[in-house]
1. I'm trying to understand the selection: among the residues of the range 34-50, which are assigned to a helix (DSSP H, G or I) and surrounded by 10 or more Cβ atoms within 10 Å (Cβ to Cβ)?
2. Return yes when residue 5 is surrounded by 10 or more Cβ atoms within 10 Å (Cβ to Cβ) and either touching a Cys at 6+ places or on another chain (Cβ under 9 Å) or modelled with pLDDT of 85 or more (or both) and no when it is not.
3. Only one of these conditions is not met by residue 26: (1) surrounded by 10 or more Cβ atoms within 10 Å (Cβ to Cβ); (2) at pLDDT below 85; (3) part of a helix (DSSP H, G or I). Which number is it?
Amino acid sequence: MSNSEETPEQKIKRLERELEDERIRIMVLDGMITIMDQEYGAGLRKKYLSELQEHYRRKAKSV
């Protein structure tokens, strides 16, 4: 069944499953980053957050 043939209830269920999968994925990635930062001093979270902030600053200026 394609997405266009889904009933609203089926679509809600599918989206809820996808959302839960993404939540689990984020938890795993967050845990991996925490371990890398603690064990190896990688500083990934700090680097990523600063890059993300800069990206949004540039995007806000262009609007």
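1. As a first pass, look at the range 34-50 and keep what is assigned to a helix (DSSP H, G or I): 34-40, 44-50.
Matches in the range 34-50: 34, 35, 36, 37, 44, 45, 46, 47, 48, 49, 50.
2. Details: surrounded by 10 or more Cβ atoms within 10 Å (Cβ to Cβ): no; either touching a Cys at 6+ places or on another chain (Cβ under 9 Å) or modelled with pLDDT of 85 or more (or both): yes.
It is false that residue 5 is surrounded by 10 or more Cβ atoms within 10 Å (Cβ to Cβ) and either touching a Cys at 6+ places or on another chain (Cβ under 9 Å) or modelled with pLDDT of 85 or more (or both).
3. The failed condition is (2).
The values are calculated or read from the model by the stated rules, or taken from the named source; none is laboratory data. The structure presented is a predicted model; accordingly, all values stated were derived computationally and were not measured. In this analysis, Cβ positions are derived from the backbone assuming ideal geometry, glycine residues included, and neighbour counts consider all displayed protein chains.
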